[in-house]
Every structure is written in structure tokens, then in C-alpha cells.
Amino acid sequence: MTRSERPLDRDASSADTADAAGAADTTGVASAAGPTAVAGTGAANPTAVKAALRSQRIELPSWAFGNSGTRFKVFSQPGVPRDPFEKVADAAQVHRHTGVAPTVSLHIPWDKVADYGKLAAHAESHGMRIGVINSNTFQDDDYKLGSVTHPDPAVRDKAVGHLVECVDVMDATGSADLKLWFADGTNYPGQDDFRSRQDRLAESLSQLYERLGDRQRMLLEYKLFEPAFYHSDVPDWGTSFAHCVRLGEKAKVVVDTGHHAPGTNIEFIVAMLLRAGKLGAFDFNSRFYADDDLMVGSADPFQLFRIMHEVIRGGGLDAASGVNFMLDQCHNIEPKIPAQIRSVMNVQEATAKALLVDWPALSAAQRAGDVLGANAVLMDAFNTDVRPLLAEVREEQGLDADPMAAYARSGYATKIAGERVGGHQAGWGA
Ligand code: AOS
Ligand code: MN
């Protein structure tokens, strides 16, 4: 049986490790390596918890540093970058104060430059690397009725051409991942045929897949609605998963935490994708209503904790799992660099709490059918104040215990507001 024929393709060794961990967790030897092992030892092993927190990586989106807003108004802020080089410099500030955010995602064409090698070298000179390349097939008049699913083959060719160009950017920058989010869909029943659109999508994705290098992946994001309001061509994890399974090893699913119906159990989706070895990345953000793109962990820290618990349970925190923890946020009214620092800290806090879950106790309670006991184990971890632990981790790395205060003291905000005068401020869509 070939890979693409297997419905639950378990290609990540981490998934097996995690299941083995689950089977053995009453002994406290829940895992062989990495954060899974940490979880098995729970709060009793602060050294391992700290090591896991030190090795965690969170990726920053270039667009978070530019101006953004809603369809009603984009507010400009002083000191906002005028080009991708300044965006990378700002991202480097987030890494400088947190120590866990050394990569920045680019968005093409928003971050189009003449020389991508130069941009990658610039990133390196700031202690950063270029991360995921985000494609854009949603801001061209030709895409009104869709891009890779458009009824006209000429428009589909144009869209695939853009995606291939994004792989060229990956080659030039050393990026390993291409993120695909398609705004494709319809607004009215009968407007177009679901099945034909799925066929066109599959064909376009296959063409792109062929272009990927051995170490490159494509990450297919799903979104329930918006900008299409009747149906989206990739509305849910099942659709993304089905395409990724058919394509093969190098295709993985992206879970954007803002892209579900209210009440969706996102951590269950995470568990399923990790079991199948198909979780490629997160786009972390928070939402109260729709795709609000607020700071991750701000609307529902408990949900973020539950997600991180399943990540750890499934081996997703191990670097070998290949799961990329990215932020996909817009800071419309708050200052951007501190908002990114706060977001990184929120992910770290949820991760630290999830690492403190006492797995042997949890497993024992689950097997005994002790509903309240099992729930109490999770709640104990969630209710732990992990800020002193994270402060220690930072100090042990030579960082300030309080990244927000350190950034505020650094004078960087005043410096860029003074220096970045004139030119055109970067913004969502520009
Ligand atoms: C859009 O809703 C998606 O979240 C995409 O990931 C998008 O490309 C990103 O938000 C940049 O705008
Ligand atoms: Mn996203």
C-alpha cells in the first residue's frame, strides 16, 4: 500500500512515541525522549520541564509588525516598518527578549524584495532566520471567483504560478515550509459545483507538490468561512487532511485557532492530526467571535492550555515532530512589538502549565473511571502560576525575567519612531 492510500498515515515517529508513552505512563516512564518524557515525570522534574521550555520555538509573522485594521479602518502607528528588512529587525527584538522566537514568516507579495538572499542574510545578522513562506492568492481581481479552484484554467495556472514562485523564494531564503491558505469558495448556493472545485483544487495542489524539494513541505490551512460566505473550498481539517493524505509525506495540515465554529473542540482536532502524523503547524491567535486575530491566549487561556496538553501528549513539542508553532495575528490598536512579546509569553505559559500535568496521576484516575480526580489533575496544572518558573528559565538563559519590561526599557520603540520617518509604512495588503 502506498502512503497516499493509507487513510491514517502515521509518518511521525512522535505519534508512536506518544502512544507508547500513554501505555506506559503509570510507571512514570511515559516517554523515551523530549517533552513527552517531561510530561511523564510531571512537576516532579523541574529540570526537564525547564529544558522543554528552553527548547520550545515560536515563529513570528512579518505582517504583525505592519499596520493593520478591520474593513472599517486601518490605524497607523509611529515607527512601523517600511519594508521587510525593518519587519525582520522588529521581529529580532521579540527574540532578543524572549529567546524562543528566532524565525519570522514572510508573506508574498507583501514581503517581496529584489534579493531574497540579502533578506535572509539580513535576518541572520539579527540572529533570525526566515521561516514559513505564506502565499497570497486572494488579492488579485482575477481571483474573484477563486484561485486554484477557479473555473477558468488560465486563472488556475496563474495561481499555481504564484505558488511555485513562493517555492523559489523558499529556495532563496532557506525556508522549508510553504503555507497555503485559499480564500476560495462561493457566496450563493448553485454558484459553482463543489465537486468540480475539489477536483481543480486537487490538481493544482498536485502540480505544486511536484515542485517541492526533498526537505520542503506544503502546509494546507483551513478556514470555516470568510471571505466566502456560503461555502469554502477548504473549510475544515477533514478537507485539508484528505488532500494532504492524498498528496503524501510533504503535505501537512495547519490549524489556525481562529478558523472554527464557536465551541469547536480544537484540541481534539490536534490529537487526531498528531496521531496521523499530519499536524504541520499552528497559526496561533485568539478569537471572541470570528477570525479576530487577537493575541493568542488572550480570549481563552484555558483553551490554549488544553491544546498544548494534547500537543505534548502527541509528541508535538519534540522538534522531530516538525510541528511549527506560528503566530498569525494583527495588532490593530495595541503596539506591535510588545504584543508579539506578550503572545510568545502566553504560549510559553500555556506550555509550562501543560508540562506540569501529572501524567501518572491522570492516567491512574482515567483508568479508575475517576471523573473528578482526572479533571482535578488537569485543573491543578492549569491553575499553577508558572510565571516564577518562566522567569527562572529566562534568567538561566541570561535574559531579563520580564521581557515586557526589558523591551520597554530598551528604548527601541522611541528609536524606531524617531528613525522611521517618511516612506510608506507596511500594512496588511501592502
Ligand atoms: C487567513 O484568514 C489566514 O489566517 C491566513 O493564514 C492568512 O494568510 C494570514 O492571516 C495572513 O493574513
Ligand atoms: Mn492563518
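The values are calculated or read from the model by the stated rules, or taken from the named source; none is laboratory data. Fair warning: this is a prediction, and the values are worked out from it, not measured in the lab. Neighbour counts run over all protein chains shown; Cβ positions are idealised from the backbone, glycine included. Ligands, DNA and RNA are stripped out before the accessible areas are found, and what is left, the full protein with its side chains, is counted by its heavy atoms. Shrake-Rupley method; radii C 1.70, N 1.55, O 1.52, S 1.80 Å.
Odds and ends about this structure:
- Placing +1 on each Lys and Arg Cβ and -1 on each Asp and Glu Cβ, with no other charges, gives segment 332-420 a dipole about its Cα centre of roughly 400 debye.
- Relative contact order of segment 352-421: 25 percent, from C-alpha pairs under 8 Å at least 6 residues apart in sequence.
- In this structure, E203 and K112 have a Cβ-Cβ separation that, at R0 = 25 Å, corresponds to a calculated FRET efficiency of about 0.40.
- Here's how it looks for E59: its modeled amide H is under 5 Å from those of F325, M326, L327, which are all 5 or more places away or on a different chain.
- Förster-model FRET efficiency, 56 Å R0, E124 and T384, C-beta, rounded to 0.05: 0.90
- Taking a straight Cα-Cα cut-off under 15 Å and skipping sequence neighbours fewer than 8 places away in the same chain, the aspartates and glutamates within cross-link reach of K278 are E5, D9, D11, D16, D177, E221, D236, E249, D256, E267, E310, D318.
- Between the amide H of R217 and those of D177, L178, distances stay under 5 Å, these residues lying 5 or more places away or on another chain, with hydrogens modeled in the peptide plane.
- Heavy-atom accessible area ranking, 1.4 Å probe, most first, across R96, R57, R71: R71, R96, R57
- Backbone phi angles across segment 180-189, fed through the Karplus curve with coefficients 6.51, -1.76 and 1.60 (θ = phi - 60°), yield HN-Hα couplings of 10, 10, 10, 7, 5, x, 10, 9, 9, x Hz in residue order; Gly and Pro are listed as x.
- When segment 310-411 is reduced to its Cα atoms, the Kirkwood hydrodynamic radius in Å: 16.0
- For the chain, the relative contact order comes to 24 percent (Cα pairs under 8 Å, sequence separation of at least 6).
- Scaled to the globular estimate 2.2 N^0.38 Å, the Cα spread of segment 56-356, given as radius of gyration, is 0.94.
- Here the chain is assigned +1 on the Cβ of each Lys and Arg and -1 on the Cβ of each Asp and Glu. Its dipole about the Cα centre then comes out at about 440 debye.
- Here the chain is scanned for chymotrypsin sites (Phe, Trp or Tyr not before Pro) in DSSP loops (not H, G, I, E, B) that have at most 13 other Cβ atoms within 10 Å, and the longest stretch holding none of them is 73-228.
- GNM top mover of T137, T70, T173 - the chain, alpha-carbon springs below 10 Å: T70
- Derived scalar couplings ³J(HN,Hα) [segment 64-79; Karplus, 6.51 cos²θ - 1.76 cosθ + 1.60; whole Hz; x for Gly, Pro]: 5, 8, x, 5, 8, x, 10, 6, 8, 6, 9, 8, 8, 10, x, x
- The chain: antiparallel DSSP beta bridges as a percent of all, rounded to 5: 15
- Among the listed pairs K87/K415; K73/K158; K223/K252; K223/K353; K73/K144; K118/K144, a Cα-Cα separation exceeding 24 Å is found for K73/K158; K223/K353; K118/K144.
- Close amide H pairs (under 5 Å, H built 1.01 Å from N) link V132 with S105, L106, residues at least 5 positions away or on another chain.
- Förster radius 51 Å - calculated FRET efficiency between D402 and D141, Cβ distance, rounded to 0.05: 0.60
- Dipole of the chain, positive end: most advanced residue of T98, A408, G117 [Cβ charges, Cα centre]: A408
- Taking a sphere under 14 Å around the Cβ of F194 and counting the other residues whose Cβ falls inside, with K and R at +1 and D and E at -1, yields a net charge of -3.
- Sites matching GluC sites (Glu not before Pro) across segment 178-229 that sit in DSSP coil, with at most 15 neighbouring C-beta atoms within 10 Å: none
- Summary value for segment 279-339: 44 percent relative contact order, contacts being C-alpha pairs under 8 angstrom separated by 6+ residues.
- Virtual spin-label span in nm between K73 and E226, 7 Å along Cα→Cβ: 1.9
- For the chain, a Gaussian network of Cα nodes joined below 10 Å ranks G277, G66, G398 by mean-square fluctuation, and the top entry is G398.
- Here's the list of aspartates and glutamates a cross-link from K336 could span, going by alpha-carbon distance under 16 Å and ignoring same-chain residues fewer than 8 apart: E59, D83, E86, D90, D292, D293, D328.
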